[in-house]
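One structure below.
The values are calculated or read from the model by the stated rules, or taken from the named source; none is laboratory data. No experiment lies behind these values; they were computed from the predicted model shown. When we count neighbours, we look across all protein chains shown, and the Cβ atoms used for this are built from the backbone with ideal geometry, even at glycine. Quick note on the areas: whole protein, heavy atoms, side chains included, nothing else; ligands and nucleic acids left out. Shrake-Rupley method; radii C 1.70, N 1.55, O 1.52, S 1.80 Å.
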Amino acid sequence: MKKILVIDDERTVRTVLKHMLEQESFEVMTAVNGYEGIELHATNSFDIIITDLFMPEMDGIETIVNLKKEYPKAKIIAMTGVIGRFHRDFLKSAHLLGANKTLIKPFSKEKLIECVNNL
């Protein structure tokens, strides 16, 4: 069973993603920001990390950079909601800095599971 970490500052997003992934028999933990996510990964060694890009305290870009520095083989999916030029640039940066996949919210359960299974 794959272990997945979901990092997002919005409780509803964490809850919905956790529910969708658990329905597919993944083991899921959640974190409210990058600091908490990195700490959880250090003690749980997740197979996949899904992180929002725009969060307070430590955003998704910083989270990806720190995770890749400490865990170069970490498999990361970066996601963001509002999609304008500014946000597209952040998704591109996330990919260049180590995110294996990117998702634009809202996305379907099928798209999420496809993304996870492709990693």
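With a cap of 15 neighbouring Cβ atoms within 10 Å, and only residues DSSP puts in a loop, list the trypsin sites (Lys or Arg not before Pro) found in region 32-119.
Details: sites: Lys68, Lys69, Lys73, Lys75, Arg85, Arg88, Lys92, Lys101, Lys109, Lys111; in loops: Lys73, Lys75.
Within region 32-119, the qualifying trypsin sites (Lys or Arg not before Pro) (loop, at most 15 other Cβ atoms within 10 Å) are Lys73.
Of the GluC sites (Glu not before Pro) in region 11-94, the ones in a loop by DSSP (not H, G, I, E or B) with at most 12 other beta carbons within 10 Å are Glu57. In region 1-81, the convex hull through the Cα atoms has an average projected area of 4.7 nm², a quarter of its surface area.
Which of Lys68/Lys109; Lys3/Lys101; Lys68/Lys101; Lys2/Lys75 have a Cα-Cα distance over 22 Å? Over 22 Å Cα-Cα: Lys68/Lys109.
Report in % the part of the accessible area of the chain that belongs to carbon and sulfur, leaving out ligands and nucleic acids; probe 1.4 Å. Each step should come with its number before you reach the end.
Numbers: 3320 of 6380 Å².
Whole-percent figure for carbon plus sulfur exposure: 52.
Of the residues His41, Val65, Ala31, the one whose Cα sits farthest toward the positive end of the charge dipole of region 14-89, with +1 on the Cβ of Lys and Arg and -1 on the Cβ of Asp and Glu, is Val65. Across the chain, the mean sequence separation of Cα contacts (distance under 8 Å, 6 or more residues apart), normalised by length, yields a relative contact order of 22 percent.
Can you tell me the accessible area per residue over region 1-107, all protein chains present, probe 1.4 angstrom, in square angstrom?
Numbers: 5700 Å² over 107 residues.
That works out to 53 Å² for each residue.
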